[in-house]
Each structure stands twice: as structure tokens, then as C-alpha cells.
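Working notes, structure below.
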Amino acid sequence: MSNLSVASHQAALLDATAACQPNPHRKGPPRPADALERIAITAPSHEITDIDQIGDSLQMLAERGDAVSIYPAGDSTPILARILWVHPEEPRFMLELNEGAVLPLGRCTFVAMLQSARFQFDLSADWQAEPGHPTYVPAVFPERAVVLNRRSTIRLETPLASTFNASFVLFGNPYELQLYDVSAGGVGMRCAPRDAAGLHIGRKLQRVRLELGVDTVVICDLEIRLARRFRSFLLGEQLQIGCQFVNLSPQMQQEVERVLARMSASRR
């Protein structure tokens, strides 16, 4: 690479870093006490394959400057890093390794804490630091990630290109929100903040109509247990709303369990 090409590449890197890094006042470099263990194979976890959700998770880690523990294949001692930025349009991000750290060639397992649950994925690459920036290492999004389950029941991500919606009326106003996951204990919904007026933690939603794929409708009451804003990799500013079933009838519970069984079978 010529001197001119190297200079142009470094300038582009600095421009990308300035444009993509949303919070310049992040935490300092991770310390040994910040290291996380890998998720055990037998631990209850759920899989994420949606690129949008993976991008959102990486962006959240970048904004907070949280520690990422990187385990090279066959090594029980992690290399510590954090995510410098996530590209706003392309499925790639920039790692910032601790000073003096080097990633060996091949597969590595990445572990981070995502809203009190461990988030983990594998990547394999010929890891190369950016010229002139030995601690900056580019990476692409993983095809899948796993999250250690925090719920008492396993949740499943709704399939792409399927009809999974929640519709209800609150204070005379109609709502229709997209479902992003389903479990035996409740559902997760998301929408733009402008469409979420009145949807606060603790709010009871009555006579909610859940469309759970083809020809399956469940009528239920829900209680909002979680509401948080996040920036979607593809959809922009979004609100994530986690809801718990309230006094779900045995008949409706059976419908939910049939849907979960169908979703689980389709993933095998």
C-alpha cells in the first residue's frame, strides 16, 4: 500500500470513528475484574439471528463502552476490549482492544453484558489491526448470537416475514404493535416512540388481540413490565415493550404453547 493510500485509509478510519462513535465520554479501558465467563452449553439461552437486533445490541455496547471479553479458540484467558463504533448502515463494527493486546488468527468467542444478561457470539477472521492504530480491529456482524435467558420461561424470536402483531384499545385509542418475541409467560413488542403514548411500566392492557402467525389468534390481558428506548440498526429510534400475561385462560395458554412448539420445530 502506498504512502498516499495509507494516509487516505487512516483519514477514512478517523472520519468513520468520529461519525459512528455516539458517546465520546465513555468508560475507560476494561479491567481484569470486568472479564466475563462464556455461557455454558447447558445454560438456558435463546438465539438471535435478526441482523437488526444484533446491530442494536452491538450499538448499545458501543454507546455504553462496556467491556467485551474475547476468548480465542482453546484459550481460557480472555482478551479485553470494547466496541468503538458500529457502522450506521453496514453490518460491521470496530473493536478497541486494550493496549498491547493482539487477537490471534481464527475463531474467537465474544462475551459482553447486555442489560444484566450475557450476550455471546463467535467470529472467525484473519484479525488485522488498522494501520497506525494497533488497538483498532475491524469486525463484521455475526450471523447469530445467544443471550442467557433471564425469564423463568424460554422466549423465542418471532420469524421474519410472518404475521406476529398485538392490537388493542387504550383510552379510546387503537394500537397495533409488532411482536419481536413470544414466551409462555408473555410477549415482547416494539414500535416507534411516537406510537407508544400511554404505554408505561405497570400499565394493564385489556382484551389484547395477539396474531401469532397463520390462523392463530389469542385474546389476553397483559401488564407492561419493561419499556426502553433504543436505536434500531434498520428502523431508527424504537421503543421495546416487554409484557407479561395476566390471568391467561387455559385455552389461550394451550394456543400459546402450540405456537411455541411450532416455532421451536421450525428452527431445528
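Being of a type in the set (A, V, I, L, M) and out of contact with any strand residue (DSSP E or B) (no Cβ under 9 Å at 6 or more places or on another chain) is a property that Ile79 lacks. Filtering Glu90, Glu96 for residues that are free of Cβ contacts under 8 Å to residues at least 12 places away in the same chain and either open to solvent by less than 20 Å² (accessible area, probe 1.4 Å) or under 29 Å from Ser45 (Cα atoms) (or both) leaves a single hit, Glu90. Restricted to region 22-53, and to residues there that are modelled with pLDDT of 85 or more and open to solvent by 80 Å² or more (accessible area, probe 1.4 Å), the residue that is nearest to the chain's Cα centre (by Cα) is Arg38.
Is it fair to say Ser232 is out of contact with any helix residue (DSSP H, G or I) (no Cβ under 6 Å at 6 or more places or on another chain) and of a type in the set (Ser, Thr, Tyr)?
Values: out of contact with any helix residue (DSSP H, G or I) (no Cβ under 6 Å at 6 or more places or on another chain): no; of a type in the set (Ser, Thr, Tyr): yes.
Against the criterion (out of contact with any helix residue (DSSP H, G or I) (no Cβ under 6 Å at 6 or more places or on another chain) and of a type in the set (Ser, Thr, Tyr)), Ser232 does not qualify.
Ala101 satisfies every condition listed in (1) open to solvent by 40 Å² or more (accessible area, probe 1.4 Å); (2) over 19 Å from the mean Cα position of the chain (by Cα) except (1).
Yes/no matrix, rows are residues, columns are (1) of a type in the set (Gly, Ala, Ser); (2) under 20 Å from the mean Cα position of the chain (by Cα); (3) open to solvent by less than 60 Å² (accessible area, probe 1.4 Å):
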residue: Asp215; (1), (2), (3): no, no, no
residue: Val218; (1), (2), (3): no, no, yes
residue: Leu226; (1), (2), (3): no, yes, no
residue: Arg229; (1), (2), (3): no, yes, no
residue: Leu235; (1), (2), (3): no, yes, no
residue: Asn247; (1), (2), (3): no, no, no
residue: Met252; (1), (2), (3): no, no, yes
residue: Met263; (1), (2), (3): no, yes, yes
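In region 222-267, what count of residues is obtained for those that are in contact with a Phe, Trp or Tyr (Cβ under 7 Å, 6 or more places away or on another chain) and at pLDDT below 90? Result for region 222-267: 2. Just to verify a result, which residue in region 137-150, among those that are modelled with pLDDT of 95 or more and open to solvent by 40 Å² or more (accessible area, probe 1.4 Å), is nearest to the chain's Cα centre (by Cα)? Result: Val140. Residue pairs whose Cβ atoms lie under 9 Å apart, sitting 6 or more positions apart in sequence or on different chains, and linking a residue in region 131-143 that is small (Gly, Ala, Ser) to a partner that is part of a strand (DSSP E or B), are Ala139/Ile83; Ala139/Arg92; Ala139/Phe93; Ala139/Met94; Ala139/Leu95; Ala139/Phe110; Ala139/Leu123; Ala139/Ala125.
The values are calculated or read from the model by the stated rules, or taken from the named source; none is laboratory data. No experiment lies behind these values; they were computed from the predicted model shown. Heads up, the Cβs are rebuilt from the backbone with ideal geometry, glycines too, and the neighbour counts pull from every protein chain shown. Heads up: the accessible areas ignore ligands, DNA and RNA and are worked out on the full protein's heavy atoms, side chains in. Shrake-Rupley method; radii C 1.70, N 1.55, O 1.52, S 1.80 Å.
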